[in-house]
Amino acid sequence: MIGTVISKRYAGALFEIASGENSVSKVLDELQNLIDFYYSNAEFRELVKNPLIPKESKSAVFSELKDKGVISDLLLSFTKLLVEKNRLEELENIVESFSDIYRESRGEAVADVRSVIDMDEKVKDELVSKLNEITGKKVSVQVEKDPSLLGGFLAKIKSTQYDASVKGQLEKLKEEMTG
């Protein structure tokens with residue numbers, strides 16, 4: 001899922017503040033715990049998504065999470081800001097954007113790879129090595145099987161796509177011949 005411009009701005013602001021407080025890893029852990037709770041608890045999901053629930057009720061839930069030690073003062077302030085600005089429904093995208101910013105700051109990237117076959121560890125390691133070389137980053141891969149590619153693979157890191165699929169090569173050839 002690609003975060004919205006709004007979620008990227010909020011995530012960037014939170015990252016800056018967390019960096020200034022030297023608590024980026026802690027905030028990332030708290031955000032991940034919060035989003036895990038979001039996915040596992042239908043009532044919490046409803047609280048986040050439903051604009052008809054009063055702001056006071058939403059803020060009270062986050063205060064309770066702070067009192068239970070689930071979130072820090074920084075994350076409490078941040079979530080209350082989201083509530084106040086009617087941006088709490090962006091929470092999923094904000095967490096994803098924050099994670100992206102964190103990885104980027106560490107010189108890391110995630111590649112979404114589609115392949116015709118299930119890749120064994122040796123093939124994955126070779127692919128990771130090549131992607132590390134191409135991008136200059138430490139890449140980890142998430143592989144999904146996709147028989148429509150006919151052969152080869154397709155790797156996507158953010159908005160950059162590396163197409164080594166038979167289907168992609170055939171489409172390029174067709175374009176060259178007709179174009």
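Is it true that Val24 is of a type in the set (A, V, I, L, M) and surrounded by 13 or more Cβ atoms within 10 Å (Cβ to Cβ)? Reasoning before the result, please.
On the way: of a type in the set (A, V, I, L, M): yes; surrounded by 13 or more Cβ atoms within 10 Å (Cβ to Cβ): yes.
Taking the combined requirement at face value, the residue satisfies it.
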Practice task
Collect the residues in segment 146-161 that are at pLDDT 85 or above and open to solvent by 80 Å² or more (accessible area, probe 1.4 Å), keeping them in residue-number order.
Solution key: Pro147, Lys156, Gln161
Completion exercise
When Gly136 is run through (1) on the phi < 0 side of the Ramachandran plot; (2) loosely packed, with under 13 Cβ neighbours inside 10 Å, the failure sits at (1)
Exercise for the section: Scan (1) buried (at least 17 other Cβ atoms within 10 Å of the Cβ); (2) in a helix (DSSP H, G or I) for the single condition Gln32 breaks and write down its number. Expected result: (1)
Practice task
Spot the failing condition for Ile71; the list is (1) assigned to a helix (DSSP H, G or I); (2) open to solvent by less than 50 Å² (accessible area, probe 1.4 Å), and only one is missed.
Solution key: (1)
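Could you tell me which of the residues Leu131, Leu91 is more than 30 Å from Leu52 (Cα to Cα), out of contact with any Lys or Arg (no Cβ under 6 Å at 6 or more places or on another chain) and surrounded by 13 or more Cβ atoms within 10 Å (Cβ to Cβ)?
Leu131
Output the residues belonging to segment 85-122 that are closer than 13 Å to Gln142 by Cα and either modelled with pLDDT under 90 or outside any helix (DSSP H, G or I) (or both). Show your work before the answer.
Looking only at segment 85-122, we keep the residues that are closer than 13 Å to Gln142 by Cα, and these are 109-115, 118-121.
If the condition is that a residue be closer than 13 Å to Gln142 by Cα and either modelled with pLDDT under 90 or outside any helix (DSSP H, G or I) (or both), then Ala109, Val110, Ala111, Asp112, Val113, Arg114, Ser115, Asp118, Met119, Asp120 are the ones that fit.
Within segment 35-51, does at least one residue satisfy the condition of being among the hydrophobic types (A, V, I, L, M, F, W, C), open to solvent by less than 20 Å² (accessible area, probe 1.4 Å), in a helix (DSSP H, G or I) and closer than 20 Å to Val110 by Cβ?
Looking only at segment 35-51, we keep the residues that are among the hydrophobic types (A, V, I, L, M, F, W, C), and these are 35, 37, 42, 44, 47-48.
Restricting the remaining residues to those that are open to solvent by less than 20 Å² (accessible area, probe 1.4 Å) gives 35, 44, 47-48.
Pick out the ones that are also in a helix (DSSP H, G or I) and you get 35, 44, 47-48.
Retained after the next criterion (residues that are closer than 20 Å to Val110 by Cβ): 35.
Looking through segment 35-51, at least one residue is among the hydrophobic types (A, V, I, L, M, F, W, C), open to solvent by less than 20 Å² (accessible area, probe 1.4 Å), in a helix (DSSP H, G or I) and closer than 20 Å to Val110 by Cβ.
The values are calculated or read from the model by the stated rules, or taken from the named source; none is laboratory data. Predicted, not measured: the structure shown is a model, and the values here were computed from it. Cβ sites come from the backbone with ideal geometry, for glycine too, and all protein chains shown count toward neighbours. Ligands, DNA and RNA are stripped out before the accessible areas are found, and what is left, the full protein with its side chains, is counted by its heavy atoms. Shrake-Rupley method; radii C 1.70, N 1.55, O 1.52, S 1.80 Å.
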